[in-house]
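What follows is one structure encoded as structure tokens, with my remarks underneath.
The values are calculated or read from the model by the stated rules, or taken from the named source; none is laboratory data. Computed from a prediction, not measured in an experiment: that's the story for all the values here. Glycine gets a Cβ as well: all are built from the backbone with ideal geometry, and neighbour counts include every protein chain shown. Calculation scope for accessible area: heavy atoms of the full protein, side chains included, ligands and nucleic acids excluded. Shrake-Rupley method; radii C 1.70, N 1.55, O 1.52, S 1.80 Å.
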Protein chains: 2
Amino acid sequence: MDSILKIGNQGRCDLFLNHIVGKSPLLVTVIGNTETGKIPGISAAGANPNITDFTPAADIEYLYYEFCKCIQGVPVTPTGIPTPGIITKAIIDHLDFPHLTVIGGVNIFPSAPFISLGGNAGGDISTGSAVENPEKIFANGEILGKNLSKIANYLVIGESIAGGTTTALGVLTALGYDANNKVSSSLPENPSRLKIDIVTSGLKARNLKKGDLKEDPLNAIKYFGDPMQAAVLGIISGVSGKIPVLLAGGTQMAAVLALAQNLNPNLISNVAIGTTKWIVNDESSDILNLINQINPTVPILAANFNFGDIKYEGLRVYETGMVKEGVGAGGCAIAAIMTDPKKMTIDILQKEIEKKYEHLSL
Amino acid sequence: MDSILKIGNQGRCDLFLNHIVGKSPLLVTVIGNTETGKIPGISAAGANPNITDFTPAADIEYLYYEFCKCIQGVPVTPTGIPTPGIITKAIIDHLDFPHLTVIGGVNIFPSAPFISLGGNAGGDISTGSAVENPEKIFANGEILGKNLSKIANYLVIGESIAGGTTTALGVLTALGYDANNKVSSSLPENPSRLKIDIVTSGLKARNLKKGDLKEDPLNAIKYFGDPMQAAVLGIISGVSGKIPVLLAGGTQMAAVLALAQNLNPNLISNVAIGTTKWIVNDESSDILNLINQINPTVPILAANFNFGDIKYEGLRVYETGMVKEGVGAGGCAIAAIMTDPKKMTIDILQKEIEKKYEHLSL
């Protein structure tokens, strides 16, 4: 069994992997809150819409402390499945990866050190008002990216933001990509129709149609996106190809990639998508189609997890399409394997994940 | 002329320099505001006490943009001498050093990316109330230091905080060191008597005497220190000897060193003080005596600047004892020289500083 699946352009996948092999990354987790994420039925990133604001902060706390401070237990889906941050935590502990937290814009801050880019939490994109000051978040992200590119071998950029695939659909549509029914979901039943309705309503509120912001990615974020996107876009721009960047996420990161492509295609010459098998195999979304529309030369790498034999139900359900990805889980697994591809296998990581789950206090 | 002066234990100075030679550092600038810094006559870090809150944020903005956003021009002393941040900026631009900003606790935030450690601005130590939550700042600083130690070759930690030598006297006294008339000043006439009165008043307010907090450095900060100290102490603790740390500052950094020594002497095994000739030659303070009291094995390195022949009066006055140090100026010069000691001399850096001054819009 291959530990990493290479989707799309094989040569470009190999080239990217060659750039990172034997190296340790810096994990940068970018978090955000939006009103979009609280629309009922849109996100599984929290037991109910009212507490989704706490999920990103709680994920960060879990990554640092192995327990959360701002909530009891750990973030769970409405049916009680714990955060994919467990996967990330197991991996970064095992490999001793450094990690930093960046705030795109939140209502709830983690009890941990964090990097502020001057952004605020986002609105509800069905109103056509999403991010107050994407230019500022972008500019600060750019400074950060520039400085991190001088100290890190490469970046793995993860995210935690509820409703992130809906805002992904928002910006992808505004940029002119055909993304309906192509963005994924943390829910087993992708609420694709609801997402389309939300984006349609937002476009209407702004009197815009699909593709109208093709040349204006920052306004696409302002109206239909989220603060995480502005932050990651800024970081990518600051890195500007100087070190590899693995965007650790599914179709949310495809949206960021689209923003970068439309801002300046040169920015993504050394950028790849790093996600999970569950995202690339998902029948209710289509990340490969999205990347092919955006820029078919971008490598899509997927951690080839198989949770079928794991002891714990809360992990086995990933095989049924629950959760799928988040908090940089897939990208971290890829980075871990690439530190030593001959020795570090997905099986070893899964044992670590199982152990981490065992210590979980729900 | 030697570019770097080695003060105190020569063997330990050489050992530290051997650890950093040929390497680039990560500059971490830690900023803070306190009510102590606004006591009239205590600080030259601002044209008048009312605007000292803006000085640290303005220094950070200057380091990133070469101009300030939160004030017009750049920070100046009451007699119009511009910030030592000019020295730092000239050096980090010339050497392309990465730099990150950490907030100890401020009232005015820079328009730039910054790392929050959850701290607030400090009080007036003459009341015996200085820092609300030093434990929290320390704990977050520790996480940050731990993570930075995995990506940086070594750290140069600078500071910008008005009144920092008064809070240095505060904690040094609480820890039992004999620091009266030994902490330096950005003013040409060191207000040593005023500083002693402030600290005496603070001790009285807490019903404590010199040395009573010898074994309790975090409470020394809480009552008589500042948020910058808590942040730097936390970072040092997180780094915990894994990479070298150059504390870039004068007697303010001696106070941080004392806090670390009293918290756990193992923390400072790979820590040095990096400052300027103007600090070590200052007749109104005595950094060598302080370090000898704290731990005589700690290397004191000083950038051997000579601004006597520089075109601009605003820099020549450093030779008369104005400003002396700040914003990591001395430590950055040492780090710059150590990237390539055969080629990079203090003269080359002074030419860069002169050029930077030329572009200044006051």
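Do we find that B:Lys204 is farther than 22 Å from B:Ser269 by Cα, crowded, with 18+ Cβ neighbours inside 10 Å and not aromatic (Phe, Trp, Tyr) in this structure? Spell out the reasoning first.
Values: farther than 22 Å from B:Ser269 by Cα: yes; crowded, with 18+ Cβ neighbours inside 10 Å: no; not aromatic (Phe, Trp, Tyr): yes.
So B:Lys204 fails the test.
Restricting the stretch B:109-162 to residues that are of a type in the set (S, T, N, Q) and more than 13 Å from chain A (Cβ to nearest Cβ) leaves a set whose member that is surrounded by the most Cβ atoms within 10 Å (Cβ to Cβ) is B:Ser160. In the condition set (1) surrounded by fewer than 22 Cβ atoms within 10 Å (Cβ to Cβ); (2) of a type in the set (Lys, Arg); (3) outside any helix (DSSP H, G or I), A:Lys182 is compliant with all but (1). Residues that are surrounded by fewer than 17 Cβ atoms within 10 Å (Cβ to Cβ), in contact (Cβ under 8 Å) with a residue 60 or more places away in the chain and more than 19 Å from A:Glu325 (Cβ to Cβ) within the stretch A:255-307 comprise A:Asn292, A:Pro296, A:Thr297, listed in sequence order. Inside the stretch B:72-108, residues that are within 13 Å of chain A (Cβ to nearest Cβ) and of a type in the set (Gly, Ala, Ser) make up a count of 1. Checked against (1) over 24 Å from B:Gly118 (Cα atoms); (2) within 12 Å of another protein chain (Cβ to nearest Cβ); (3) part of a helix (DSSP H, G or I), A:Thr167 passes all but condition (2).
Going through (1) outside any helix (DSSP H, G or I); (2) under 19 Å from the mean Cα position of the chain (by Cα); (3) within 14 Å of another protein chain (Cβ to nearest Cβ) one by one, A:Lys69 falls short only on (2).
Looking across A:Thr34, A:Thr52, one residue alone is of a type in the set (S, T, N, Q) and touching a strand residue (DSSP E or B) at 6+ places or on another chain (Cβ under 6 Å). It is A:Thr34.
So, B:Val74, is that one touching a Ser or Thr at 6+ places or on another chain (Cβ under 9 Å) and part of a loop (DSSP other than H, G, I, E, B) or not? Can you show your working first?
Details: touching a Ser or Thr at 6+ places or on another chain (Cβ under 9 Å): yes; part of a loop (DSSP other than H, G, I, E, B): yes.
Taking the combined requirement at face value, the residue satisfies it.
Filtering B:Ile4, B:Ile39 for residues that are of a type outside the set (S, T, N, Q), away from every other protein chain (no Cβ under 14 Å) and touching a Leu at 6+ places or on another chain (Cβ under 6 Å) leaves a single hit, B:Ile4. For the stretch A:38-55, the criterion of a residue being out of contact with any Phe, Trp or Tyr (no Cβ under 7 Å at 6 or more places or on another chain), open to solvent by 40 Å² or more (accessible area, probe 1.4 Å) and farther than 23 Å from A:Ala168 by Cα is satisfied by no position.
Just need a number here: residues in the stretch A:212-253 that are part of a helix (DSSP H, G or I) and open to solvent by 10 Å² or more (accessible area, probe 1.4 Å).
Counting residues in the stretch A:212-253 that are part of a helix (DSSP H, G or I) and open to solvent by 10 Å² or more (accessible area, probe 1.4 Å) gives 6.
Within the stretch A:275-327, the set of residues being basic (Lys, Arg) and part of a helix (DSSP H, G or I) comprises A:Lys277, A:Arg316. Inspection of the stretch B:77-92 finds a residue satisfying the criterion of being over 23 Å from B:Asp282 (Cβ atoms), under 20 Å from the mean Cα position of the chain (by Cα) and open to solvent by less than 50 Å² (accessible area, probe 1.4 Å).
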